[in-house]
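Beneath this line is the structure, given in structure tokens, with notes to follow.
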Amino acid sequence: MKLNEGKLDRIIRFVLGLLLIVLWPFGFTQGTFAVVLAVVGAVLVATSLAGFCPLYAVLGIKTCPLTKS
């Protein structure tokens, strides 16, 4: 699994993911919508930590800098 997320992309995903996750426990969202946002947030955090986004791979997007071979 090769990295396909750049540093800025990973930081944005991590911060946004955490924000979406904490909306539910602090009462900003409720019900099914809160659960959906928390799951999306968890996916964003997971992909930021892994540095790999499966959707990016399918679409051929790569935000990480090119490595010299």
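Quick note: the coordinates plus some simple rules give every number you see, no bench work behind them. Keep in mind that what you see is a predicted model, and the values were worked out from it rather than measured. Positions of Cβ are generated from backbone atoms using ideal geometry, with glycine treated the same way; all protein chains shown enter the neighbour counts.
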Check on residue 59, over 14 Å from the mean Cα position of the chain (by Cα) and free of Cβ contacts under 8 Å to residues at least 24 places away in the same chain: yes
Exclusive hit being surrounded by 15 or more Cβ atoms within 10 Å (Cβ to Cβ) and of a type in the set (Val, Ile, Thr), set 15, 39, 45: 45
